[in-house]
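Encoded as C-alpha cells, the structure appears first; notes follow it.
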Amino acid sequence: MVQTNPSTEEFGDTVEVLDVQASRKALVAGTLGNLIEWYEFAVYGYMAPYIATQFFASEIPGVAILSTFMVFALAFFMRPIGAIIFGRLTDRYGRRPILATIIIMMSLATAVIGVLPTAAQIGLLAPLLLVVARIAQGLSGGGEMGGAVSLMVENAPANRRGLYGSWSFAGTTIGFVLGGTVATILAALLPADAMADWGWRIPFLLALPMGAVALYIRLRIDETPHFKRVQRERTEVGSNAALPPSAIKLTAAYLLVTIGVLVVYNAIGNTFMVGMPTYLTTAFGLPPASAYFLTLITGLVGGLTMPLFGLLSDRVGRWPVLATGTIATLVLSYPLYLLMGTGFAGGVVALFVAGLLIGVVGGPMPAFLSERFATRNRGTGVSVIYAISVAVFGGSAPYVITWIFQITNNPYAAAIYTLLCAAISTVALLAWRFAKSERAQGDAFDRPLAD
C-alpha cells in the first residue's frame, strides 16, 4: 500500500504506520454505515403514526401507536444478540467483511418494510412480518456500532481519536436528519390520504440504493493497523493459543460504569430525535410538518457539533466534556419541555439546545467506548455495551415518554425520563472519575498487552 503523509504511533516496541488516505476512507465507510442505520431507525419513528393505522388498527385511543413503538423497541432489544454475534465475528475475521455483511442485511430488512402488505390485506400476519423485519434490523444494527467505531478509531492518530470517533455518532444524527428530511418533504408534498396509503413506504425503499453505495465503499477499505497486529500475533502464537491477558480488567463494575456513562446519550438521542415528532403532535398538538421540522433542528445541531466536541475531548480529556453535557441535561430537561409547550418558537429554542446536549455527550463517546476495550475484543465490547444501553434506555424512550404522557395527561412529565437517565450517567461518571484502579490502568490503547 502506498503511504500518503503517514503519521506514526508507538505501541510498546512496535511502530504502527497510519496511512492518512486509508484513515479517511475508513472514516467515510464507518460514517455511512451509521448514517444508513439511523436513517432506517429514524424513518420508522417518523412514519410511526402511519404504520400504526396500517398494521395496528385499534378502536382504543393510543393503543395502535403504543403497539407501533413496542415493535420499535423490539429491534433495540435484539441489538445485544446481534452485538454478540457480529461483534465476535468482527474481532475474529476483521472489520471489513463483517461490516459489509451488516450493511446488506440492514438495507434489505428496511426495504422489506416498504413492501409489506397491511393488516387490512392479510390480517394478523402483517404485524408479524413487520416484527420479523424489525428483528433483522435490530440484529444487524447491534453489530454495526462496534465494527464502525473500531474501524474509525483504530485508523485515527492517538491525539485525534475523539475527532475520528465522533463521526460515527455524527453519522447517526445525520442519518436521522436525512430520514426526517425525507419524511418532511413527503408530508409537505403528498396529500394526507396519499401519505397514509402509500407515501410512507417511500423512505423505507430508499434504503436499497443507499445501502448499495455504502457496500461499495466498505468493500474498498483495508483492515486497521491494530487489527492487523492482532492477526500477526495470532499467527505467531498459533490460532489456538491464547493471546497475552489484557491490561484492562473487564470486571462487572467496569462494564456497568461504561454502560452508565452511555445512558444519557441514548436517552436524549431517542427522546429528542426519534420519539419527538410523534410526541409533539400528540402531546402539544403540532401539525406533523412542524413537528418534523423542529426535530430536524435537534439532529442537525447534534450532528454538526459532535466533531467539535470530539476534538475538544482530544484537547481537554473525555471526562470534562462528558460531565458537562450530562450535568447540563440533568439541569435542563424540565425547562426544555416547558419551552416546547409554549409553541413553535419555544420549540425551536428547546430543540436547538437539545441538539447541543446531544453533540456534547455524543462527540467524545465513541472514543471513550473504544478506549475501554483492547483491539482483540473491541468490536464485541463496544457493540454489546452500546446495544445494552440503547436497548434499555434508547429504544424504549419513545414508548416511555408517550406512556408517561398518557397516564399523567401532563406533557411536561416526560422530562422525568431524561432527567433520571442523566442522573444515572452522572453517578457513573463520578465512579469513573474516582476509580483509582482504572486511572492507573489508563486506556486500552496505552498498553501493548491490551492490543
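Remarks
- Spin-label proximity, ASP222 to region 132-165 - amide N less than 17 Å from point 7 Å beyond Cα toward beta carbon: 151-157
- The base-10 log of I(q)/I(0) for the chain, evaluated at q = 0.05, 0.10 Å⁻¹, reads -0.17, -0.66 [Debye formula, identical scatterers on Cα atoms, solvent excluded].
- Heavy-atom accessible area order for LEU205, LEU128, LEU215, largest first, 1.4 Å probe: LEU128, LEU205, LEU215
- When the surface is traced with a 1.4 Å probe over the full set of protein chains, THR31 keeps roughly 20 Å² accessible.
- Estimated 222 nm signal from helices in the chain, with DSSP H stretches of n ≥ 4 weighted -39500 (n - 2.57), rounded to 500: -25000 deg cm²/dmol
- Karplus-derived HN-Hα couplings along region 149-159 (A = 6.51, B = -1.76, C = 1.60, θ = phi - 60°), whole Hz, x at Gly and Pro: 4, 4, 4, 6, 6, 6, 9, 9, x, 4, 8
- Think of the chain as a dipole: +1 on every Lys or Arg Cβ, -1 on every Asp or Glu Cβ, centred on the Cα centre; then among GLY341, ILE174, ALA283, ILE174 lies furthest on the positive end.
- Nearest-0.05 FRET efficiency for TYR334 and ARG433, computed from C-beta distance (R0 30 Å): 0.70
- Rounded to the nearest 10 square angstrom, GLU233 shows an accessible area of 40 square angstrom against a 1.4 Å probe.
- Binned Cα-Cα distances of region 303-355, short to long, each 10 Å bin given as a whole percent: 23, 41, 27, 8
- Shown is the FRET efficiency for VAL348 and TYR93, computed with R0 = 41 Å from the Cβ-Cβ distance and rounded to the nearest 0.05: 0.30.
- Alpha-carbon centroids, region 183-238 and region 254-326: separation in whole Å: 21
- For LEU255, the accessible surface of its heavy atoms amounts to roughly 50 Å² (probe 1.4 Å, protein chains only, rounded to the nearest 10).
- Of the solvent-accessible surface of the chain, computed with a 1.4 Å probe over protein heavy atoms with every protein chain present, carbon and sulfur atoms account for 70 percent.
- Sorted from greatest to least, the principal axis extents spanned by the alpha carbons of region 353-403 come out as 41, 23, 10 Å.
- Each Lys and Arg Cβ is given +1 and each Asp and Glu Cβ -1; about its Cα centre, the chain then shows a dipole of about 500 debye.
- Within the shell of other residues whose beta carbon sits under 15 angstrom from the beta carbon of GLY138, the net charge comes to -1, with Lys and Arg scored +1 and Asp and Glu -1.
- Ranked by solvent-accessible area (1.4 Å probe, protein heavy atoms only, all chains present), the residues THR235, THR181, THR324 order from largest to smallest as THR235, THR324, THR181.
- Set against the 2.2 N^0.38 Å expectation for a compact globular protein, region 257-398 has a Cα radius of gyration ratio of 1.08.
- Separation of the LEU304 and ILE185 label points, Cα + 7 Å toward Cβ, nm: 1.9
The values are calculated or read from the model by the stated rules, or taken from the named source; none is laboratory data. Fair warning: this is a prediction, and the values are worked out from it, not measured in the lab. Cβ: placed from backbone, ideal geometry, glycine included. Neighbour counts: every protein chain shown. Accessible surface is based on the protein model in full, side chains and every heavy atom, while ligands, DNA and RNA are left aside. Shrake-Rupley method; radii C 1.70, N 1.55, O 1.52, S 1.80 Å.
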